[in-house]
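The structure appears right after this line, and notes come after that.
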Amino acid sequence: MQAGQRHLLRALREFEQFSLPTELGQFGPGGRALYDPRPGDPARWDWAGDSP
């Protein structure tokens, strides 16, 4: 793993959830896809739902 990846993983561990803009979710263009850390493996994030 490269230094930049390690830094990103450390930063992500501080979040309980994050969202990314998407055009493919339940709310169409302008919606957001929500992600939560995977239980037992906080380096991986799983889709948790959509938001307007």
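Data for the structure
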| read-out | value |
| --- | --- |
| Using θ = phi - 60° and Karplus 6.51 cos²θ - 1.76 cosθ + 1.60, couplings along the range 39-52 (whole Hz; Gly, Pro as x) | x, x, 8, x, 6, 10, 10, 10, 4, 10, x, 10, 9, x |
| Placed amide H near G31: partners under 5 Å, 5+ positions off or other chain | T22 |
| Net length gained if the chain between W45 and F18 were fully extended (0.36 nm per residue, minus Cα distance) | 8.8 nm |
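Quick note: the coordinates plus some simple rules give every number you see, no bench work behind them. Because the structure is predicted, anything quoted here is derived from the model rather than measured.
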